[in-house]
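The structure appears below as structure tokens.
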Amino acid sequence: MIQISALPAFTDNYIWLLQDHRSHRCAVIDPGDATPVLAWLENHPEWVLSDILVTHHHHDHVGGVEQLKRVCGATVYGPANENIPARDIGLADNDRITVLGWELEVFAVPGHTLGHIAFYRHGLLFCGDTLFAAGCGRLFEGTPHQMYTSLERLAALPDDTLIYCTHEYTQSNLRFAQAVEPDNLDIAERVGKVAQLRAHGKMTLPSNLALEKLTNPFLRTAETSVKQKADERNGRDNRSGAEVFASLRAWKDTF
């Protein structure tokens, strides 16, 4: 009974909108800008914004929180150890919350920021800037080992898990993926499908975990071809998955 849709924000952000059609209550995830949310609410006056979920403290994810809370009185959930404006409930690893009747599990996924969290319900993952379609977030605060561990945790979820990240980065991420694995036919196929979607102005999200395992180099550090390319890039034998990841992330930062 809960519908998930995206409200575009800035140049490439998505604010995820969850609608409970039984209660006519809704929630938003990572509202970096209040304007698209308020515009949607104005056009749908029968809906009430009851909850705001935040994955991390960056402005393009929290910039609209205070205004939305002031206007709508919504409850704000966010990571306990980050500075989240107007936060009502601080969340830590393995916490559980109920939003719109859905129980969501909280995962600590440090890397992009130290306090970054993700929200999971079987079949659905709202992961902010940790796991992207065909990529992952930059390491602004955490270490490569932290991000690698966070991604491995997410990769262990069921293959049919839908990945709701918050940026339309898929095309640029796939260009990097092809540089890492030029002979990967799954990546080549995905490049074509994504190009067609974007040519028609359509979003490429959500992704799913099965597809990410086939096409996302940051989830493929155990693949021989990926390790070899990482070794070539930094001229050393990257012995662990975390070392392969670190090499790939450093390369992607300047790609």
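General observations
- Among the residues of the range 20-44, those identified as touching a residue at least 60 places away in the same chain (Cβ under 8 Å) and either more than 20 Å from Thr130 (Cα to Cα) or surrounded by fewer than 22 Cβ atoms within 10 Å (Cβ to Cβ) (or both) are Asp20, Arg22, Ser23, Arg25, Cys26, Ala27.
- Test result for Phe245, in contact (Cβ under 8 Å) with a residue 40 or more places away in the chain, within 14 Å of Ala177 (Cα to Cα) and in contact with a Ser or Thr (Cβ under 7 Å, 6 or more places away or on another chain): yes
- Restricting Ala155, Ala179 to those that are in contact (Cβ under 8 Å) with a residue 60 or more places away in the chain, out of contact with any strand residue (DSSP E or B) (no Cβ under 8 Å at 6 or more places or on another chain) and closer than 24 Å to Asp30 by Cα reduces the list to Ala155.
- From Ala80, Ala155, Ala133, residue being aliphatic (A, V, I, L, M) and over 16 Å from the mean Cα position of the chain (by Cα): Ala80
Here's the yes/no breakdown for (1) within 17 Å of Tyr164 (Cβ to Cβ); (2) assigned to a loop (DSSP other than H, G, I, E, B); (3) modelled with pLDDT of 95 or more; (4) touching an Asp or Glu at 6+ places or on another chain (Cβ under 7 Å):
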position	(1), (2), (3), (4)
Thr11	no, yes, yes, no
Leu17	yes, no, yes, no
Ser23	no, yes, yes, no
Leu38	no, no, yes, no
Leu41	no, no, yes, no
Glu46	no, yes, yes, no
Ile52	yes, no, yes, no
His56	yes, yes, yes, yes
Asp60	yes, no, yes, no
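- Checking each residue in the range 143-167 for being part of a loop (DSSP other than H, G, I, E, B) and buried (at least 22 other Cβ atoms within 10 Å of the Cβ) picks out Thr161, Thr166.
- Top-ranked residue in the range 236-251 [being crowded, with 21+ Cβ neighbours inside 10 Å and of a type in the set (A, V, I, L, M, F, W, C); ranked as farthest from Thr130 (Cα to Cα)]: Val244
- Among the residues listed as Phe176, Phe218, the single one being of a type in the set (A, V, I, L, M, F, W, C), surrounded by 15 or more Cβ atoms within 10 Å (Cβ to Cβ), under 20 Å from His145 (Cα atoms) and not assigned by the TED database to the domain that holds Ala9: Phe218
The values are calculated or read from the model by the stated rules, or taken from the named source; none is laboratory data. Keep in mind that what you see is a predicted model, and the values were worked out from it rather than measured. Neighbour counts run over all protein chains shown; Cβ positions are idealised from the backbone, glycine included.
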